[in-house]
Amino acid sequence: MRLALLGTSVALVATAIGATNAQAADGGSGNITIDKVVVNGGKPVVVGTTNVVSAKVSVTASDDSGIAETTYISGSGPKPNFALIWYDDGDITCVKASATTSTCTGTLTFDPQASTGFVDNNAAATWNLATLVSANDDNYIHRDAATTFKVQRYSKLTVNASPEPVKKGKTVTVTGKLSRANWEDNKYHGYTNQSVKLQFRKKGSNTYTTVKTIKSDATGNLRTTVTASIDGYFRYSFAGTTTTPAVNATGDFVDVQ
């Protein structure tokens, strides 16, 4: 039965990675259930251009005979992007919570410089988390989308307010740039035509307030002007999109004289 299950798991992995959601089929035998699945603590997986990013996955399942193993855990995004780990490779560890319930954990990795698995900007999307869990009585359950999670392109935001210092009532020019990771050349490119807030925090305060909202240009650059009134910090703030996380620039202090 173990060999049969292994053969089934290989076929299911191929389905999870190589098929669309509509084509992939869930399956199982017996009264085993998947109770909870968590990827990266419920937060998006944000990947830059160089570092390998790890995302912890936990699968909690129950069966009246107890849980034997979680055979594999697979994250699959738009083809050809995927991440995969196996119990037999020692990548997944199962811990009993009770006689009937166990939580199996492992870590999916996302390498922006990999030649396979995680290879293009289409990976910035909602991914499916597929898994196969088996019980001690050989019941098993497979889910192609036991849960979903987002993979996003790391974002950067800069700001520069000038001149410094500036006379009260004079014009302050605030420039900056919004960029995000490009996984096809491992560089950062300007994120174009995005709404970005210019915010100000007066000296001695901990709170930023929005002055105005502008849009990044065709290269991701930002530029606007304001009238100098009091000492404080200017920053740009980006709320994020489905493919790119929110980011705030570090405030730039302007001394108003």
Scan the stretch 70-90 for residues that are in contact (Cβ under 8 Å) with a residue 24 or more places away in the chain and buried (at least 21 other Cβ atoms within 10 Å of the Cβ) and jot them down. Thr70, Thr71, Tyr72, Ile73, Ser74, Gly75, Ser76, Gly77, Asn81, Phe82, Ala83
Only residues that are open to solvent by 20 Å² or more (accessible area, probe 1.4 Å), over 22 Å from the mean Cα position of the chain (by Cα) and small (Gly, Ala, Ser): list them for the stretch 220-257, please. Ser229, Gly251
Please state which one of Thr103, Thr107, Thr93 is open to solvent by less than 50 Å² (accessible area, probe 1.4 Å) and assigned to a strand (DSSP E or B). Thr103
Restrict the check to the stretch 113-134 and report whether at least one residue is in a loop (DSSP other than H, G, I, E, B), within 20 Å of Gly42 (Cα to Cα) and open to solvent by 50 Å² or more (accessible area, probe 1.4 Å). no
Spans of strands (runs of 3 or more DSSP E) in the stretch 171-255 with at least 3 residues touching a residue at least 24 places away in the same chain (Cβ under 8 Å) and in contact with a Gly (Cβ under 6 Å, 6 or more places away or on another chain): 171-182, 195-202, 232-238
Report whether or not Thr158 is open to solvent by 50 Å² or more (accessible area, probe 1.4 Å) and not charged (D, E, K, R). yes
What number of residues within the stretch 58-80 satisfy the criterion of being over 15 Å from Asn40 (Cα atoms) and among the β-branched types (Val, Ile, Thr)? 3
Do we have Val159 as closer than 30 Å to Thr219 by Cα and not in a loop (DSSP other than H, G, I, E, B) here? yes
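The values are calculated or read from the model by the stated rules, or taken from the named source; none is laboratory data. Note that the structure is a prediction, hence the values are computed from the model and not measured. With ideal geometry, Cβ positions are generated from the backbone for all residues, glycine too; neighbour counts draw on all protein chains shown. In case anyone asks, the SASA skips ligands and DNA or RNA and just uses the protein heavy atoms, side chains included. Shrake-Rupley method; radii C 1.70, N 1.55, O 1.52, S 1.80 Å.
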